[in-house]
Amino acid sequence: MKKKIYFDNNATTPLDPKVADAMLPYLSAGTELYGNPSSVHTLGQATRKAVEEARAQVAQLIGSSLEEIIFTSCGSESDTTAIKGIAFSAKERKKGNHIITTAIEHDTVLFCCEYLQKQGWDVTFLPVSSSGILDPDSVKKAIRSETILVSVMHANNEIGTIQPIAEIGKICKEREIPFHTDAIQTVGKLPITVNELNVDLLSLSAHKLYGPKGVGALFIRRGTRFHPLFHGHHERNRRAGTENVPAIVGLGVAAELAQKNLGQEAKKVAFLRDRLEKGILEKVPYIRRNGDPRHRIPGTSNFSFEFVEGEGCVVMLDIEGIAVSTGSACASGSTKASHVLRAIGLPANVAQGTVRFSLGQFNTLDEVDKALEIIPRVISKLRSLSPLWSDKMAGLPTTVTPPLSLKK
Ligand SMILES: Cc1ncc(COP(=O)(O)O)c(C=O)c1O
């Protein structure tokens, strides 16, 4: 298969070859690195050492202490452990039943909160601005005496906007309310320290920072009371299950590499993203750039192309060798505009034409320039198939209302 131009790094990043190399000895038959880290013998001690080294690497990346990190099976598990863990602990201690989150969280957080709602918790889903930013004042106003948790994502996976986490954390700290952030799209991309962010819980996932799929971590500040999702003695009684040693080793090395390359990679990726955006804005009429142009993670660019179906665009770009994704989630065959795009106020018909380009550290200038030849051609082709576009070109009224174009 011809090598794709991979612009879908927010969905998952390719594995860094250095990470793969570090994992291999723990996967290969013939090495003596297969012991259960809980075993007392030397084979167990060898894998225990590897797990603890990875814990140190992750802790170092986010500025926590070792004991505050637990390994999980993915970012979704980290988020769910944080939210349900705090909720169940608060319930046991009769602390209250109110949770605050936002309308633009990842599905894993949204669905978890909706589940808790069905179980009797009261959840406030705060709105965001048209550029996708949460006002810390709205958190302050939403807090009640029975609020037991605030959960706000650090950066949004669709539009890339970064939330004022440190400010929100300060508010929560003053009110002694546990504060969780889903930092799955920022760890490895932005410098992060849990103390500066004022967070009590922070989720991360290896496959967003060039590590393997199927492993994540959760920072839980010392003294934070929570119930585990899986019960048993591993991870100091906080997450049962024999550790996925190769994956944890991979996460550790990915964290270490991310820390080494942090500023440099972010600059390079932002440069490529800006070049791509500038080219698209210059070459394609009737489009809207979504998200906040200043407060956002380096690689993410989200565009709504009027008179185009996002799904069609993804398929056509794939045929042309570019992997991207749409901003609209399709639920069981019916195309439903993404909750994030609706939350920032995009009308459904504009949201439907949305495509997310997410660049990463393995992308090159050549790829961006090649994509800039392909994308305008694909959009023109798709528009040429649209009766609405024909009406528009003929000067007839179309049903695309209100006109949201930033540029004509
Ligand atoms: C913001 C955010 N939260 C949570 C997740 C879930 O992470 P995982 O795929 O590791 O379960 C993702 C993955 O897309 C994400 O982008």
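Details
- Angle in degrees between helix 310-319 and the longest Cα principal axis of the chain, rounded to the nearest 10: 90
- Phi-derived couplings, Karplus 6.51 cos²θ - 1.76 cosθ + 1.60 at θ = phi - 60°, listed residue by residue for the stretch 136-149: x, 4, 5, 5, 3, 5, 7, 5, 10, 5, 9, 6, 10, 7 Hz, with x used for Gly and Pro.
- Relative contact order %, the chain, counting alpha carbon pairs below 8 Å whose residues are six or more apart: 21
- Close amide H pairs (under 5 Å, H built 1.01 Å from N) link residue 8 with 358, residues at least 5 positions away or on another chain.
- Estimated at the nearest 10 Å², the accessible area of residue 286 is 40 Å² with a 1.4 Å probe.
- Measuring between their Cα centroids, the stretch 213-250 and the stretch 1-77 lie 13 Å from each other.
- With a 1.4 Å probe rolled over the protein heavy atoms of all chains, the accessible area of 154, 41 falls in the order 41, 154, largest first.
- Principal-axis tilt of helix 75-92 within the chain, Cα atoms, nearest 10 degrees: 60
- With every protein chain in place, the chain: carbon and sulfur % of accessible area (1.4 Å): 55
- In sequence order, the stretch 233-240 has phi-based couplings of 8, 5, 6, 6, 6, 9, 7, 6 Hz under the Karplus curve 6.51 cos²θ - 1.76 cosθ + 1.60, θ = phi - 60°, and Gly or Pro positions carry x.
- For the chain, the per residue solvent-accessible surface stands at 44 Å², with DNA, RNA and ligands left out and a 1.4 Å probe.
- Proximity of backbone amide H atoms, modeled 1.01 Å from N, is registered between residue 151 and 100, 101, 180 at under 5 Å, excluding neighbours fewer than 5 places apart on the same chain.
- Between helix 107-118 and the chain there is an angle of about 70 degrees, using the helix long axis and the longest principal axis of the Cα atoms.
- With contacts taken as Cα pairs under 8 Å and at least 6 residues apart, the stretch 17-259 reaches a relative contact order of 28 percent.
- Across the stretch 356-369, rounded Karplus estimates of 3J(HN,Hα) from the backbone phi angles (6.51 cos²θ - 1.76 cosθ + 1.60, θ = phi - 60°) give 9, 9, 10, 8, x, 5, 8, 6, 10, 4, 4, 5, 4, 5 Hz, Gly and Pro being marked x.
The values are calculated or read from the model by the stated rules, or taken from the named source; none is laboratory data. Since this is a predicted model, take the numbers as computed values, not measurements. Heavy atoms of the whole protein, side chains included, go into the accessibility calculation; ligands, DNA and RNA do not. Shrake-Rupley method; radii C 1.70, N 1.55, O 1.52, S 1.80 Å.
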